[in-house]
1. Given the conditions (1) exposed (fewer than 14 other Cβ atoms within 10 Å of the Cβ); (2) of a type in the set (Ser, Thr, Tyr); (3) within 19 Å of the chain's Cα centre (by Cα), report the number of the one that THR147 does not fulfil.
2. Quick one: would you say ALA160 is within 23 Å of ILE127 (Cα to Cα), modelled with pLDDT of 95 or more, out of contact with any Gly (no Cβ under 6 Å at 6 or more places or on another chain) and not in a strand (DSSP E or B)?
3. Can you say whether VAL104 is in a helix (DSSP H, G or I) and either surrounded by fewer than 21 Cβ atoms within 10 Å (Cβ to Cβ) or in contact (Cβ under 8 Å) with a residue 40 or more places away in the chain (or both), as far as the supplied structure shows?
4. Of the conditions (1) at pLDDT below 95; (2) over 24 Å from VAL101 (Cα atoms); (3) among the polar types (S, T, N, Q); (4) touching a Lys or Arg at 6+ places or on another chain (Cβ under 9 Å), GLN177 fails just one. Which one is it?
5. Failed condition for ARG129, given (1) out of contact with any Lys or Arg (no Cβ under 9 Å at 6 or more places or on another chain); (2) within 26 Å of GLY45 (Cβ to Cβ), with all others met?
6. Checking the condition within 23 Å of VAL91 (Cα to Cα) and touching a His at 6+ places or on another chain (Cβ under 6 Å), which residue from LEU71, LEU43, LEU4 passes?
7. Looking at region 271-282, can you tell me whether even one residue there is free of Cβ contacts under 8 Å to residues at least 60 places away in the same chain and out of contact with any Lys or Arg (no Cβ under 8 Å at 6 or more places or on another chain)?
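The values are calculated or read from the model by the stated rules, or taken from the named source; none is laboratory data. This structure is a prediction, so every number in the text was calculated from the model and none was measured. Cβ sites come from the backbone with ideal geometry, for glycine too, and all protein chains shown count toward neighbours.
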Amino acid sequence: MRCLVEDLATFAGTAGAWLRREPVLHNVLLTLVAGRLSGDVPLSGDERFVRVVDGGVTVGAAVWTPPRGPLLGGVPVAAARSLAEHFVREVPPLVEVHGPVPAVVEFARRYTERAGLLAVPGTAQRIFRVETVRPPAGVPGRARPATAADRDLLVAWAAAYAAETMPGRPTVELSGQVDTRLPYGDLLWLWEVAGAPVSMAWLSRRVAGVARVSGVYTPPEHRGRGFAGGCVAHVSRYALSAGATTCTLYTDLSNPTSNHIYQALGYTPVADAAQWRFRNPER
């Protein structure tokens with residue numbers, strides 16, 4: 001089993017076919033590649049696109065976009081071990097890794113064994129999908145696409161969302177993600193009541209028939225009134241009506257409220273994913 005480092009275009013053509021076999025499980029990787037191919041997300045030059053082959057056949061893939069840790073596909077455990085050994089040999093010490101369970105667990109185990117580090121469990125997530133949405137009843141307000149006039153609010157809410165949901169992770173500038181989505185006109189949504197925004201949700205451009213809902217955020221003073229559920233239901237139905245065959249989203253398993261809300265909307269679980277953080281054992 002070998003790990004091959006490829007340029008973006010080659011990786012998209014080789015590993016892309018493997019990733020598309022499970023387009024929900026691999027939606028983040030697929031959109032990551034698609035965004036860089038389209039130019040929506042400029043290449044930094046530090047990315048590493050890694051394909052795992054066994055006897056010439058692709059059996060896995062991972063992408064590293066510093067400062068974040070590598071994102072694995074749903075690779076077999078043997079491929080996870082190969083990826084771990086590759087990253088120990090080829091790049092500076094990692095701070096984290098992300099991916100589906102059990103691949104990410106095996107990567108973390110082998111990586112720390114080879115690198116002499118400790119692995120600490122981070123965020124535990126569940127991947128959900130929906131084809132038919134059940135909108136919540138009785139939620140006041142309506143959804144509307146965000147406009148350029150909403151940019152500052154969207155950037156502020158994105159920063160608040162990141163601080164709340166991803167504590168301890170390397171800081172990532174999110175204004176660029178807002179600026180990339182705004183020109184499309186239908187990838188950033190706000191739920192408003194009496195003309196005032198109270199919640200937001202983001203959509204990804206669909207890849208392999210799948211659109212992903214993310215960035216779901218309601219400021220604390222507006223929570224508990226169903227606004228997030230109403231917004232997610234609307235953007236999910238919109239994406240499906242606009243050509244997606246499936247919508248997907250990730251939930252934090254430590255947040256039972258959000259898990260319950262999304263399942264009430266018709267979302268069903270696909271797989272679990274996790275983050276593992278690495279640190280020096282002497283710290």
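1. Single failed check for THR147: (3).
2. Details: within 23 Å of ILE127 (Cα to Cα): yes; modelled with pLDDT of 95 or more: no; out of contact with any Gly (no Cβ under 6 Å at 6 or more places or on another chain): yes; not in a strand (DSSP E or B): yes.
Here the answer is no, as ALA160 does not meet what is asked.
3. Yes, satisfied.
4. (4)
5. (2)
6. Of the residues listed, the single one that is within 23 Å of VAL91 (Cα to Cα) and touching a His at 6+ places or on another chain (Cβ under 6 Å) is LEU71.
7. Yes, the conditions are met somewhere in region 271-282.
Residue by residue, here is whether (1) outside the structural domain of GLU22 (by TED's automatic domain parsing); (2) assigned to a helix (DSSP H, G or I); (3) touching a strand residue (DSSP E or B) at 6+ places or on another chain (Cβ under 7 Å) holds:
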residue	(1), (2), (3)
MET200	yes, no, yes
ALA211	yes, no, yes
GLY230	yes, yes, yes
ALA233	yes, yes, no
